[in-house]
Amino acid sequence: RLHLVDNDPIAVGYSHFPAFPHELSWEETEKEPTWVLLEKATQHHISRSDIAIRLAFADKGLVDVLGTDKNAPLFLLERTSWFENGQCAENSRFFIRPERYEFILSNS
């Protein structure tokens, strides 16, 4: 999934959904967030996710998709989400242009 802001690519995400009972269409994924689709399809609530953020560098494929320079620094966000019953809901990798994104963490 390509993420745009003002028609400018800021990130591309690749996801694996082991919990989906059917193949997703582009129409479905463009209408609602992934977690909403997962919860509707499985009737299970996503209770948590594990997120890791690190540095990556743009390869040829990412240069073409994100419109950045080869070897340009990118954020690589890896996320695994879990249902309340402990089953894996999804595993995703997002390559993000750092000049267009800010991470904010809140803890309470």
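The values are calculated or read from the model by the stated rules, or taken from the named source; none is laboratory data. What you are looking at is a predicted structure, and each value in this text was computed from that prediction instead of being measured. Don't worry about glycine lacking a Cβ; one is built from the backbone with ideal geometry, like all the others, and counts go over all protein chains shown.
Quick look at the numbers
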item	result
Qualifying residue in segment 73-96 (condition: at pLDDT below 95, closer than 16 Å to Gly13 by Cβ and not in a strand (DSSP E or B))	no
Restricting segment 8-27 to residues that are without any contact (Cβ under 8 Å) to a residue 12 or more places away in the chain and of a type outside the set (Phe, Trp, Tyr), the residue that is nearest to Ser81 (Cα to Cα)	Glu23
Conditions (1) out of contact with any helix residue (DSSP H, G or I) (no Cβ under 6 Å at 6 or more places or on another chain); (2) surrounded by 12 or more Cβ atoms within 10 Å (Cβ to Cβ); number of the one not met by Val5	(2)
Residue check, Ile104 among the β-branched types (Val, Ile, Thr), surrounded by 11 or more Cβ atoms within 10 Å (Cβ to Cβ) and either over 22 Å from Asp6 (Cα atoms) or out of contact with any strand residue (DSSP E or B) (no Cβ under 6 Å at 6 or more places or on another chain) (or both)	no
Test result for Glu30, within 15 Å of the chain's Cα centre (by Cα), part of a helix (DSSP H, G or I) and surrounded by fewer than 13 Cβ atoms within 10 Å (Cβ to Cβ)	yes
Residue count for segment 62-72, restricted to those that are part of a helix (DSSP H, G or I) and either out of contact with any strand residue (DSSP E or B) (no Cβ under 9 Å at 6 or more places or on another chain) or more than 12 Å from Phe95 (Cα to Cα) (or both)	2
Residue match in segment 36-44 (condition: modelled with pLDDT of 95 or more and either hydroxyl-bearing (Ser, Thr, Tyr) or not in a loop (DSSP other than H, G, I, E, B) (or both))	no
Residues of segment 33-68 that turn out to be over 16 Å from the mean Cα position of the chain (by Cα) and exposed (fewer than 10 other Cβ atoms within 10 Å of the Cβ), as a count	2
Residue within segment 80-95 that is exposed (fewer than 12 other Cβ atoms within 10 Å of the Cβ) and of a type in the set (A, V, I, L, M) present	no
Complete set of residues in segment 8-46 that are among the hydrophobic types (A, V, I, L, M, F, W, C) and in contact with a helix residue (DSSP H, G or I) (Cβ under 8 Å, 6 or more places away or on another chain)	Ile10, Ala11, Val12, Phe17, Ala19, Phe20, Leu24, Leu37, Ile46
